[in-house]
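To keep things clear, I will list the structure first and then write my remarks on it.
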Amino acid sequence: MPEQKNVNVVDLENLKIHFPVRRGFLRKKIGDVKALDGVTFSIRPGETLGLVGESGCGKTTVGRAITQLYKPTEGLVKFKGKDLSGLSYNDLRPYKRQMAMVFQDPYSSLNPRQRAGDIVGEPLLVHEITTNDQEYRKRVSELFKICGLSSDMSDRYPHEFSGGQRQRLAVARALAGNPSIIICDEPISALDVSMQAQILNLLQSLQEKNTGMSYLFISHDLLAVEYISHRVAVMYLGKIVELSDARDLYKNTLHPYSKALLSAQPLPNPAEEAKRQRIILEGDVPTPLNPPPGCSFHPRCPYAAPECAESCPELKDYGNQHFVACHHVS
């Protein structure tokens, strides 16, 4: 596959993914769960894009859409300028090799019946990256060392590793195909605090050594997202409501939902935590089966006006590539 210079690794254009809901003996369709409802953003080479939002807002669906585990209902998923929609399984293979995922639970994402070396080396065989057994073993050993594991551990089974070591195995497996992007779906949420820091530092060091590799870092941990991300996108009910440089978003939060989300994140400094005023949102998150008209956040927004229920705000640039979807941001 020919490389293109100055092209984003990923471009999502008005991406919609709807899952049909069926009932009854004849499985009649009664509606659609609008998991993603018009998502647009890009990921640049060597960039980490953080993706945050409440559970069920569509973060994981975005990652699975990029890797083509979910096919778009509408919109485009482009990888290095190539639209992946409609490609056959065989045509997708060279693109799949350049994508990888690190999942949330290191306990269930690894095959308990495979040895660690076979788990890490499986992508080498699937994508026919190595040509002989000696080259295969050498590459597996390199991947173990890169991720802070001893190559002597390759004969162990996953249950013989700690949680942090298992996640290192998952990262090593993701690196095996020399990917251009790794989708990190809540990669530290199942780990203790010290191991979280180690995995974050590992991901950063890998990106520094391979400057062209990008991450989509999906997480509930806003402090971790701030630490590792270059840009951050905030999702609510299948839509991007704010997208900005990480420092600008955390220091100059504009969208009401983003402000409430950040106010719920505990601060490490007790003095700052005691002074901070939390923003409590009323009501529950609407169902994606029947989202509200207009701005999907307006039923819970403290600044909602009649126009918010009538028209959906577009994602607009309010300066310095700080995009916000809100009628009341000026």
Among (1) more than 16 Å from the chain's Cα centre (by Cα); (2) outside any loop (DSSP other than H, G, I, E, B); (3) surrounded by fewer than 18 Cβ atoms within 10 Å (Cβ to Cβ), the one test that L223 misses
(1)
Selected residue (criterion: farthest from the chain's Cα centre (by Cα)) from residues of the range 118-139 that are in a loop (DSSP other than H, G, I, E, B) and either exposed (fewer than 13 other Cβ atoms within 10 Å of the Cβ) or modelled with pLDDT of 95 or more (or both):
N132
Of the listed residues (Q207, Q196, Q265), the one being touching a Leu at 6+ places or on another chain (Cβ under 6 Å), in contact (Cβ under 8 Å) with a residue 12 or more places away in the chain and not small (G, A, S) is Q265
Say we look at the range 45-66 and pick out the residues that are surrounded by fewer than 19 Cβ atoms within 10 Å (Cβ to Cβ) and within 14 Å of the chain's Cα centre (by Cα); which of these is nearest to E242 (Cα to Cα)?
E54
Among the residues of the range 19-51, write down those that are within 18 Å of L69 (Cβ to Cβ), touching a residue at least 40 places away in the same chain (Cβ under 8 Å) and out of contact with any Leu (no Cβ under 8 Å at 6 or more places or on another chain).
A35
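Picking from R300, R247, which residue would you name as being surrounded by fewer than 18 Cβ atoms within 10 Å (Cβ to Cβ) and of a type in the set (K, R)?
The unique qualifying residue is R247.
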For the range 162-173, which residues satisfy the criterion of being of a type in the set (G, A, S) and either in a helix (DSSP H, G or I) or modelled with pLDDT of 95 or more (or both)?
G163, G164, A170, A172
Being in a loop (DSSP other than H, G, I, E, B) and not aliphatic (A, V, I, L, M) is the filter here, so list the residues in the range 265-280 that pass it.
Q265, P266, P268, N269, R276, Q277, R278
Counting only residues that are among the hydroxyl-bearing types (S, T, Y) and free of Cβ contacts under 8 Å to residues at least 60 places away in the same chain, which one in the range 242-262 is farthest from F297 (Cα to Cα)?
Y250
Sole miss for I280 among (1) modelled with pLDDT of 90 or more; (2) touching a Ser or Thr at 6+ places or on another chain (Cβ under 9 Å) is condition (1)
Determine which single condition S189 fails, assuming it passes every other condition in (1) buried (at least 22 other Cβ atoms within 10 Å of the Cβ); (2) touching a residue at least 40 places away in the same chain (Cβ under 8 Å).
(1)
Only one of L200, L124 is of a type in the set (A, V, I, L, M), under 28 Å from G46 (Cβ atoms) and out of contact with any Lys or Arg (no Cβ under 7 Å at 6 or more places or on another chain), namely L200
Across (1) at pLDDT below 90; (2) over 30 Å from Y157 (Cβ atoms), S108 clears everything bar (2)
Single condition C295 does not satisfy, out of (1) in contact (Cβ under 8 Å) with a residue 40 or more places away in the chain; (2) within 19 Å of D317 (Cβ to Cβ); (3) part of a loop (DSSP other than H, G, I, E, B):
(1)
Among the candidates S194, S214, which residue alone is under 30 Å from Q165 (Cβ atoms) and at pLDDT 95 or above?
S214
Selection from the range 140-161 of residues that are assigned to a helix (DSSP H, G or I) and either more than 13 Å from A174 (Cα to Cα) or touching a residue at least 40 places away in the same chain (Cβ under 8 Å) (or both):
S141, E142, K145, I146, S151, D152, M153, S154, D155, P158, H159, E160
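The values are calculated or read from the model by the stated rules, or taken from the named source; none is laboratory data. Here the structure is a predicted model, which means the values were calculated and not measured. Positions of Cβ are generated from backbone atoms using ideal geometry, with glycine treated the same way; all protein chains shown enter the neighbour counts.
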